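Reviewing the structure listed below.
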Amino acid sequence: QVQLVESGGGLVQAGGSLRLSCTASGSIFSIGIMNWFRQAPGKQRELVAEMPNGGSSDYSDSVKGRFTISRDNAKNTVYLQMNSLKPEDTAVYYCNMWIVPTTPRVVGVYWGQGTQVTVSS
């Protein structure tokens, strides 16, 4: 069974930085795109950053220039480095990966449990 486990959230002052991590474990054949989403109270979940396997990353306009997504394929891990944080970045952050398990060899979309990021003004 494939699982995604996130870490790295917390409370930070505006202008500060946090680094989120998300690691996939289990019987994994391959991983395609890795993404970070966030959901603020009363709002829909939104895509923050995406990184295809072997492709270039992309970001939402609200975080471009401040957040950086990276991945370590050997560790089945995706990171989100968040700099110059703003109060409006406060949300629960979720990682998301498109994974093909060893069996069955069918791609599925997997989610982390979510980690709270709170930015104080």
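Within the range 38-61, residues that are farther than 19 Å from residue 81 by Cβ and in contact (Cβ under 8 Å) with a residue 24 or more places away in the chain sit with their Cβ atoms under 6 Å from residues that are assigned to a loop (DSSP other than H, G, I, E, B) and open to solvent by 40 Å² or more (accessible area, probe 1.4 Å), at 6+ positions apart or across chains, in these pairs: 39/45. The set of residues in the range 106-121 being within 12 Å of residue 2 (Cα to Cα) and either open to solvent by less than 20 Å² (accessible area, probe 1.4 Å) or assigned to a strand (DSSP E or B) (or both) consists of 108, 109, 110, 111, 112.
Considering only residues in the range 58-105 that are part of a strand (DSSP E or B) and hydroxyl-bearing (Ser, Thr, Tyr), the one that is surrounded by the fewest Cβ atoms within 10 Å (Cβ to Cβ) turns out to be 70. Taking residue 55, is it open to solvent by 20 Å² or more (accessible area, probe 1.4 Å), farther than 16 Å from residue 3 by Cα and modelled with pLDDT under 95? Yes, satisfied.
The values are calculated or read from the model by the stated rules, or taken from the named source; none is laboratory data. Quantities reported herein were computed from a predicted structural model and do not represent experimental measurements. Every residue, glycine as well, gets a Cβ built from its backbone with ideal geometry; the counts of neighbours run over all protein chains shown. We work out accessible area using only protein heavy atoms, side chains counted, and drop any ligands, DNA or RNA first. Shrake-Rupley method; radii C 1.70, N 1.55, O 1.52, S 1.80 Å.
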